[in-house]
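> Quick one: structure below, then a few questions.
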Amino acid sequence: TYNDLKTEIPFDNEMVVVMPLPGKVLAEAVKFSRAKSFLDPPESFGGFMQISDDMTFDNETQTLTHIGGTPINPDKTYSVGILFVVLAGVDNITPLVEWAAENAHLMPIDGCAEIGSPAKLLLVDYFSKAI
C-alpha cells in the first residue's frame, strides 16, 4: 500500500539519479553494503543495497555475479539508479563514496532541480502501470 511505501521512503526529497558505474565499483558496493548481514550474529545495516531481479548475488561468495544473466564485467560501465544521498555519503558505502569523490565531474549538483526523480513517485508510477 502507499502507507507501506511511505514507511520505507518517508522523505519526499529522496532523489534517484542514474549514474554510470563501473562493474567493479557496483560489485564492491553491493558486497560492502551486505557484509554485516553475513556476520555471526548478523548486524543490522541501513545501507543494505537492494538489487534488481535481473541481477544475481551469490551468498556463499558474497559477490554480485551476474547482470541480465551475463557475468558482471568489472570494466564495463552500467547505468545504475541510485539515491543521490547514498553517493553523497549517507550509509558510508565506501566504494560508492570513493567513486563519487573521484568522479565529481559526473555528479549532479545538490539542490539542482534536475538532480533526479523522486524515489517514491518513481515506485508509484512503476507499480501503477503494473496493475
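The values are calculated or read from the model by the stated rules, or taken from the named source; none is laboratory data. Bear in mind that the values here come from a model prediction, so they are computed numbers and not experimental data. Note that each Cβ is placed from the backbone with ideal geometry, even for glycine, and that neighbours are counted across all protein chains shown. When the accessible area is computed, the model is the full protein with side chains, heavy atoms only, and any ligands, DNA or RNA have been set aside. Shrake-Rupley method; radii C 1.70, N 1.55, O 1.52, S 1.80 Å.
> Would you mention how many residues in region 12-39 are without any contact (Cβ under 8 Å) to a residue 24 or more places away in the chain and surrounded by 13 or more Cβ atoms within 10 Å (Cβ to Cβ)?
Start the filter on region 12-39 by keeping residues that are without any contact (Cβ under 8 Å) to a residue 24 or more places away in the chain, which leaves 36-37, 39.
Cutting the leftovers down to surrounded by 13 or more Cβ atoms within 10 Å (Cβ to Cβ) gives us 36-37.
Residues that pass the stated criteria total 2.
> Among the listed residues Ser37, Ser33, identify the single one that is in a helix (DSSP H, G or I) and touching a Phe, Trp or Tyr at 6+ places or on another chain (Cβ under 6 Å).
On the way: Ser37 fails: touching a Phe, Trp or Tyr at 6+ places or on another chain (Cβ under 6 Å).
Just a single option satisfies the conditions, and that option is Ser33.
Yes or no, residue by residue, for (1) over 13 Å from the mean Cα position of the chain (by Cα); (2) more than 16 Å from Leu87 (Cβ to Cβ); (3) among the acidic types (Asp, Glu):
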position: Thr7; (1), (2), (3): yes, yes, no
position: Pro42; (1), (2), (3): yes, yes, no
position: Gly47; (1), (2), (3): no, no, no
position: Asp58; (1), (2), (3): yes, yes, yes
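> Can you report the number of residues in region 40-53 which are under 25 Å from Leu123 (Cβ atoms), free of Cβ contacts under 8 Å to residues at least 24 places away in the same chain and in contact with a helix residue (DSSP H, G or I) (Cβ under 6 Å, 6 or more places away or on another chain)? It would help to see each step written out before you state the result.
Step one: of region 40-53, the residues under 25 Å from Leu123 (Cβ atoms) are 44-53.
Still in the running and free of Cβ contacts under 8 Å to residues at least 24 places away in the same chain: 44, 48, 50-53.
Going one step further and asking which of them are in contact with a helix residue (DSSP H, G or I) (Cβ under 6 Å, 6 or more places away or on another chain), we end up with 48.
Residues flagged as under 25 Å from Leu123 (Cβ atoms), free of Cβ contacts under 8 Å to residues at least 24 places away in the same chain and in contact with a helix residue (DSSP H, G or I) (Cβ under 6 Å, 6 or more places away or on another chain) within region 40-53 amount to 1.
> Condition first: within 20 Å of Pro22 (Cα to Cα) and touching a residue at least 60 places away in the same chain (Cβ under 8 Å). Can you find one or more residues in region 65-80 that meet it? Steps first, answer last, please.
To start, the set of residues in region 65-80 that are within 20 Å of Pro22 (Cα to Cα) comprises 65-80.
Next, from what is left, pick out any that are touching a residue at least 60 places away in the same chain (Cβ under 8 Å): 79-80.
So far as region 65-80 goes, yes, one or more of its residues are within 20 Å of Pro22 (Cα to Cα) and touching a residue at least 60 places away in the same chain (Cβ under 8 Å).
> Condition first: over 14 Å from Val16 (Cα atoms) and either free of Cβ contacts under 8 Å to residues at least 24 places away in the same chain or open to solvent by less than 30 Å² (accessible area, probe 1.4 Å) (or both). Now tell me which residues in region 91-110 satisfy that. Before the answer, list the steps.
First, the residues of region 91-110 that are over 14 Å from Val16 (Cα atoms): 91-106.
The answer is Ile93, Pro95, Leu96, Val97, Glu98, Trp99, Ala100, Ala101, Glu102, Asn103, Ala104, His105.
> What do you reckon, is Pro118 open to solvent by less than 50 Å² (accessible area, probe 1.4 Å), over 29 Å from Asp4 (Cα atoms) and not polar (S, T, N, Q)? Steps first, please.
Details: open to solvent by less than 50 Å² (accessible area, probe 1.4 Å): yes; over 29 Å from Asp4 (Cα atoms): no; not polar (S, T, N, Q): yes.
Answer is no for this residue.
> When the residues of region 40-90 are filtered to those that are part of a loop (DSSP other than H, G, I, E, B) and β-branched (Val, Ile, Thr), which remaining residue is surrounded by the most Cβ atoms within 10 Å (Cβ to Cβ)? Step through it out loud before you land on a result.
Just the residues of region 40-90 that are part of a loop (DSSP other than H, G, I, E, B), to begin with: 40-54, 59-62, 68-69, 72-76, 88-89.
Still in the list and also β-branched (Val, Ile, Thr): 51, 61, 72.
Details: Ile51: 14, Thr61: 9, Ile72: 19.
Top of the filtered list is Ile72.
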